[in-house]
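J.: Before I ask anything, let me first share the structure, which is written out below as structure tokens.
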Amino acid sequence: MSVARRRFLQIGVGGMFGAVAGKTVLVVATDARWLECAGGTVAKRIEDGAPAVLVRVGNDEKDAWELTREEAAWRNRTEAEAAAKLLGIGSVIPLGYQSSELQAVPHTTIRDRLILLIRRYRPATLIIPNPHAEHDRNLDSYYVGAAAEDAWHCARFPNFLPAANAEGLKPFVVPEVYYYAPPLDPRRREPESTATFVPQPVRVDISASFAKKLRAAQAMRTYQRNLAMRLKERLTAQGRRLPLLDQVTDASVDKLVEENLRGLGVLCAEGSEYKMAEEFRHAGISYGIPSKYLR
Amino acid sequence: MCRYLLLAIAALSVLAQSPPRFPLGELPPGKVLLVAQPHHDDHTTDYGMGGVIARFMEAGYKGYYVRASNDEKDGSHSYGQNDIINLKETRDGVAVLGMSDVISLNWRNDFMNPIPLNELREQLIFLIRKYRPDVVLGHNPWEHYQKNPDHRNVARALVEAYWMAGLDTVHPEHFLLGVKPHAAAHFYGKGRLDWGLGQISNMAFELNESQVAKKERAIAAHRNVYHNPSVKRSVQVQLAAEGKYLPEFESVSDDGASDLYLHWWMNWNSRDIGRQAGVKYAEDLYHMDDLYHLPGLKAYVKANARELR
């Protein structure tokens, strides 16, 4: 075995042994998108005993109907924390960047903050936006996903953030990563060319945790009301209406959120044995260590 | 032997029955089309959207072309001369397609990787609010393997501008200039399928002979880059080395051979996509409508939406 390969395995296995059992760190760009894509999986993991930490990179200052950006940011933060609590997430760490302005933030600035958090929390699992998938018209998930993936890779090397290293935040390998993205790209379920070193498509059954996911999503009232009003606005522009939204009330917004999450759950479960699912790309142990070395 | 023949026939019949790669789309209702791309010729090259633009214009749309770069490196002249010539030829080309105007943003050609995308996005947001398009066309922002950084970055700025132009929390200072928030209903993105990687298109528009002809004339208008009289000698020399010749080139001038070459290129790619869409001519695109970002609600809206009273 070459020195390089031996070093590679030492880093990988060492990282796994140092992981806090089951702990999940979620890195998200915008609040509602991650809940839609991964909320059920996170709830399920927490119910199974894995604590979770949520890192909010964006401040969601633009996701509101007829509110100033300052008020939108404040309400969305408060509601995101309430939603996280409903799922059982222990800590919410806001990085506070202006949403939809992340192109102007250096990739390495976000990456280095995430490296610090990875070394601080030493998670067994990272859940991050998939920077290789489609996120329709909002690039925040792309920028955050790219920085988070880079942080995952770099957190293991002592020459990244050496000052933090000296302060006791040691290099660390997160053993597995789940990449999330909305179910948009028609080719999203195509398997990669090899099962080793390439994240593979996986689906998680969320039937049991759906109710919790729904309550958390409904708690994000500012975001969801904005979604309902903008949907109504677009349909009106096309000469159409949804009877549900003739009067936009808390109850009608809650019903719309339920329809949205049910629709997503069914869409992600299509072709599987599940009734409701979430889709990911998964970089697990075979991503870091070829199976022939694990025997 | 007979068994192999039967297998081959069965395989061919399956192939013959397989659905086209691209479903055909209908033009959405509307009045204004805004096409925003980095270069003078993008509306027609990269296997283009020239035929689709012509189809929109023939259906009564008014069209605007936003050239984001200055095209200073495209052509054999100096930077400034290339910029001026290419801008003129952009106007000539889009006029052939039936568009009304060209807005040039003049970002530096082939240096768009490090530009502040938020600044470019703001320009595009303002133009969307000013012209209020129903349909926005550009490159596909999710074609990650797009090799040209200008294409990739303008596409990323454009797809964000497409929805952010409708938000009153975004650049409210624009409203002092008399524009209002505007959300276009449809986005169509173009990708380069011949590179073989990245996201594929999800639909195609059928073209007729007239639209393909306009697409050919539009690219021919970009003479600074595409008029290449030496192509005749180049092809003749290469074929002669193999003991062959091209009869069509024997009876045309060098200039005529260049035009013929463009005709073949545009006609071939229109036929190639047409074949994959089950029609004679077509162009393929990635389509997002204004409910595209809500995949979980699509079925619900389809089942429950009613006409406005």
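The values are calculated or read from the model by the stated rules, or taken from the named source; none is laboratory data. Only a predicted model underlies this, so the values are computations on that prediction, with no experimental measurement involved. Because the Cβ atoms are built from the backbone with ideal geometry, glycine has one as well, and the counts that use them run over all protein chains shown.
J.: Among (1) modelled with pLDDT under 95; (2) within 17 Å of the chain's Cα centre (by Cα), where does A:A216 come up short?
T.: (1)
J.: Moving on. For B:A184, which of the numbered conditions (1) closer than 30 Å to B:Y79 by Cβ; (2) surrounded by 21 or more Cβ atoms within 10 Å (Cβ to Cβ); (3) touching a Lys or Arg at 6+ places or on another chain (Cβ under 9 Å) fails to hold?
T.: (1)
J.: In the stretch B:73-113, which residues are surrounded by 17 or more Cβ atoms within 10 Å (Cβ to Cβ) and touching a Pro at 6+ places or on another chain (Cβ under 7 Å)?
T.: B:M112
J.: Within the stretch A:259-278, restricting attention to residues that are more than 10 Å from chain B (Cβ to nearest Cβ) and acidic (D, E), which residue is surrounded by the fewest Cβ atoms within 10 Å (Cβ to Cβ)? Spell out the reasoning first.
T.: If we filter the stretch A:259-278 for residues that are more than 10 Å from chain B (Cβ to nearest Cβ), which is where we start, we get A:269-278.
Right, trim to acidic (D, E) and you get A:270, A:273, A:278.
Numbers: A:E270: 12, A:E273: 8, A:E278: 27.
Only one residue tops the list, namely A:E273.
J.: With B:A204, B:A221, B:A157 as the choices, which residue is within 17 Å of the chain's Cα centre (by Cα), crowded, with 19+ Cβ neighbours inside 10 Å and over 25 Å from B:L27 (Cα atoms)?
T.: B:A221
J.: Looking at (1) over 22 Å from A:A80 (Cβ atoms); (2) touching a residue at least 60 places away in the same chain (Cβ under 8 Å); (3) within 14 Å of chain B (Cβ to nearest Cβ); (4) surrounded by fewer than 22 Cβ atoms within 10 Å (Cβ to Cβ), which one does A:R240 not meet, given that it meets all the others?
T.: (2)
J.: Now for a separate question. For the stretch B:108-147: of the residues being without any contact (Cβ under 8 Å) to a residue 12 or more places away in the chain and more than 29 Å from B:G178 (Cα to Cα), which is farthest from the other protein chains (Cβ to nearest Cβ)?
T.: For the stretch B:108-147, the residue satisfying everything is B:F111.
J.: Among the numbered conditions (1) more than 28 Å from B:N118 (Cβ to Cβ); (2) surrounded by fewer than 20 Cβ atoms within 10 Å (Cβ to Cβ), tell me where A:C154 comes up short.
T.: For A:C154, the exception is condition (1).
For (1) under 19 Å from B:H227 (Cβ atoms); (2) at pLDDT 95 or above; (3) part of a loop (DSSP other than H, G, I, E, B), each residue gets a yes or a no:
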position	(1), (2), (3)
B:L33	no, yes, no
B:H39	yes, no, yes
B:H43	yes, no, yes
B:R67	no, yes, no
B:D74	yes, no, yes
B:G80	no, no, no
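Rundown of residues vs (1) on the phi > 0 side of the Ramachandran plot; (2) part of a helix (DSSP H, G or I); (3) without any contact (Cβ under 8 Å) to a residue 12 or more places away in the chain; (4) of a type in the set (S, T, Y), yes/no style:
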position: A:I89; (1), (2), (3), (4): no, no, no, no
position: A:V92; (1), (2), (3), (4): no, no, no, no
position: A:S99; (1), (2), (3), (4): no, no, no, yes
position: A:R119; (1), (2), (3), (4): no, yes, no, no
position: A:R187; (1), (2), (3), (4): no, no, yes, no
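J.: With the checklist (1) farther than 30 Å from A:E190 by Cβ; (2) in a helix (DSSP H, G or I) in hand, flag the one item B:A303 doesn't pass.
T.: (1)
J.: Looking only at residues in the stretch B:160-177 that are more than 10 Å from chain A (Cβ to nearest Cβ) and in contact with a helix residue (DSSP H, G or I) (Cβ under 9 Å, 6 or more places away or on another chain), which one is surrounded by the fewest Cβ atoms within 10 Å (Cβ to Cβ)?
T.: B:L177
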